[in-house]
1. Could you please find all residues in the stretch 60-86 being assigned to a helix (DSSP H, G or I) and small (Gly, Ala, Ser)?
2. Kindly provide the set of residues from the stretch 24-33 that are in contact with a helix residue (DSSP H, G or I) (Cβ under 6 Å, 6 or more places away or on another chain) and free of Cβ contacts under 8 Å to residues at least 40 places away in the same chain, ordered by number.
3. Taking into account only those residues within the stretch 56-99 that are farther than 24 Å from VAL27 by Cα and of a type in the set (A, V, I, L, M), which is surrounded by the most Cβ atoms within 10 Å (Cβ to Cβ)?
4. Starting from the stretch 35-48, take each residue that is without any contact (Cβ under 8 Å) to a residue 24 or more places away in the chain and list its partners that are hydrophobic (A, V, I, L, M, F, W, C), counting only C-beta distances under 7 angstrom and pairs at least six apart or across chains.
5. Looking at the structure I just gave you, is TYR45 at pLDDT below 85 and within 12 Å of the chain's Cα centre (by Cα)?
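The values are calculated or read from the model by the stated rules, or taken from the named source; none is laboratory data. Source: prediction; values computed, not measured. Cβ: placed from backbone, ideal geometry, glycine included. Neighbour counts: every protein chain shown.
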Amino acid sequence: MMFSSAQPMGHFSTPQLKMATMSLASVQMELERMKRMPMVGAEVYLDVLNRLLEPLALVQGMLGFRNWLAEVQFFMGVLKRRSFGGMPLTPRERQVLQWYSARWRELRGGPCDMGRPEAQIVLIALGELSMF
């Protein structure tokens, strides 16, 4: 992990926070640019979401996780509009969505982990969305 800290309780040094803030600004600009594009591949969008999570959580704390989930939900809306608009997911995009959903559920502690139910709902929905 790029921003991992040896300090306990999630306290980060000033250089780590500065680096995370710069990284966050860069990734957020890329995400906003992608939102304005008519069609972006699921794999590219998920890569940006992955790069967004750590600096967002580091800079904003638990609120950052909520903001990240909102971005994932926005992505799901884009995929639904695309699928129902007659542009189905490619086999590669389906595979990436299934992998992404399964991997995040595994990292969260499996399907029985209810520590963050909204995260489970989003990740399960991503897996189901890949079936359309």
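1. GLY64, ALA70, GLY77, SER83
2. LEU24, VAL27, GLU30
3. For the stretch 56-99, the residue satisfying everything is LEU89.
4. Taking only residues 6 or more apart or on different chains, the pairs are VAL48/VAL27; VAL48/LEU31; VAL48/MET34.
5. no
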